[in-house]
1. Residue pairs, Cβ under 8 Å, 6 or more apart or interchain, first in region 46-68 and more than 9 Å from ARG102 (Cα to Cα), second open to solvent by 30 Å² or more (accessible area, probe 1.4 Å) and of a type in the set (Lys, Arg). List them.
2. Output the residues belonging to region 67-81 that are part of a helix (DSSP H, G or I) and surrounded by 14 or more Cβ atoms within 10 Å (Cβ to Cβ).
3. Which condition breaks for GLU147 when tested against (1) open to solvent by 70 Å² or more (accessible area, probe 1.4 Å); (2) among the charged types (D, E, K, R); (3) under 25 Å from the mean Cα position of the chain (by Cα)?
4. Report whether or not ALA62 is touching a Lys or Arg at 6+ places or on another chain (Cβ under 8 Å), assigned to a loop (DSSP other than H, G, I, E, B) and not hydroxyl-bearing (Ser, Thr, Tyr).
5. For region 113-142, what are the residues that are of a type in the set (A, V, I, L, M, F, W, C), within 19 Å of TRP48 (Cα to Cα) and either surrounded by fewer than 15 Cβ atoms within 10 Å (Cβ to Cβ) or in contact with a Leu (Cβ under 7 Å, 6 or more places away or on another chain) (or both)?
6. Can you tell me which residues in region 51-66 are closer than 19 Å to ASP93 by Cβ and either within 16 Å of the chain's Cα centre (by Cα) or open to solvent by less than 50 Å² (accessible area, probe 1.4 Å) (or both)?
7. Within region 118-128, is even one residue of a type in the set (Ser, Thr, Tyr), under 17 Å from MET42 (Cβ atoms) and in a strand (DSSP E or B)?
8. Here is a list: ARG84, ARG102. Which entry is basic (Lys, Arg), buried (at least 16 other Cβ atoms within 10 Å of the Cβ) and in contact (Cβ under 8 Å) with a residue 60 or more places away in the chain?
Amino acid sequence: MILHALAASIGALCLLSAPAVAQTPPGPASGPGARMGPPRTMADIPAWTDGLFGHLDVNQDAAITGDELAALSSGPAAAMGGGRLRRMIAQSDSSNDGRISREELTAGTERMFTRMDADGDGTLSEAELPRPPAPPRPPSIPMPAPEPMPMPEMPGGD
């Protein structure tokens, strides 16, 4: 379930209007390799991660850092599951140096894809695709009805 929510968050990233994403110059993220949602086949992963990497590497230093991922945890990105996406991307840092290379992101996406591909056929079917997170539920604890406010007795009101 969490895996599906993470993958849904990746799709939401393409819709972001967060300042860090808006500063990214045109590149692979807007080219033919850019996709909405997770890649549908294992062969789609390199082009898809290039697009995602292009969105996130705002300063174009060939690494995604915590500062660049911070945009996913606030504003519209957070509302669309960006915090979960941030954690998933951070797990791609196999060298533990606080910087995620394009290769690390690709490898992390391949791991996620493999977990989502339940039948192992190399393609994500409709049933294997992530579903958007459910809307928040109202509190399950019923609130008591307010009681009428007692009126003070007025002196000499008889």
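The values are calculated or read from the model by the stated rules, or taken from the named source; none is laboratory data. What you see is a predicted model; the values in this text were computed from it and never measured. Cβ coordinates were reconstructed from backbone atoms using ideal geometry, including for glycine residues, and neighbour counts include every protein chain displayed. Protein only, heavy atoms only, side chains kept; ligands, DNA and RNA dropped before computing areas. Shrake-Rupley method; radii C 1.70, N 1.55, O 1.52, S 1.80 Å.
1. Listed by first residue and then by second, the contacts come to ALA47/ARG35; TRP48/ARG35; GLY51/ARG35; THR65/ARG99.
2. Result: GLU68, LEU69, ALA70, ALA71, LEU72, SER73, GLY75, PRO76, ALA77, ALA78.
3. (3)
4. On the way: touching a Lys or Arg at 6+ places or on another chain (Cβ under 8 Å): yes; assigned to a loop (DSSP other than H, G, I, E, B): yes; not hydroxyl-bearing (Ser, Thr, Tyr): yes.
Here the answer is yes, as ALA62 does meet what is asked.
5. Looking only at region 113-142, we keep the residues that are of a type in the set (A, V, I, L, M, F, W, C), and these are 113, 116, 118, 124, 127, 129, 134, 141.
With within 19 Å of TRP48 (Cα to Cα) added as a condition, the list becomes 113, 116, 124, 129.
Hit for region 113-142 is MET116, nothing else.
6. Going through region 51-66, the residues closer than 19 Å to ASP93 by Cβ turn out to be 52-66.
Correct list: LEU52, PHE53, GLY54, HIS55, LEU56, ASP57, VAL58, ALA63, ILE64, THR65, GLY66.
7. Step one: of region 118-128, the residues of a type in the set (Ser, Thr, Tyr) are 123, 125.
Still in the list and also under 17 Å from MET42 (Cβ atoms): 123, 125.
Right, trim to in a strand (DSSP E or B) and you get 123.
Yes: region 118-128 contains one or more residues that are of a type in the set (Ser, Thr, Tyr), under 17 Å from MET42 (Cβ atoms) and in a strand (DSSP E or B).
8. Values: ARG102 fails: in contact (Cβ under 8 Å) with a residue 60 or more places away in the chain.
Of the residues listed, the single one that is basic (Lys, Arg), buried (at least 16 other Cβ atoms within 10 Å of the Cβ) and in contact (Cβ under 8 Å) with a residue 60 or more places away in the chain is ARG84.
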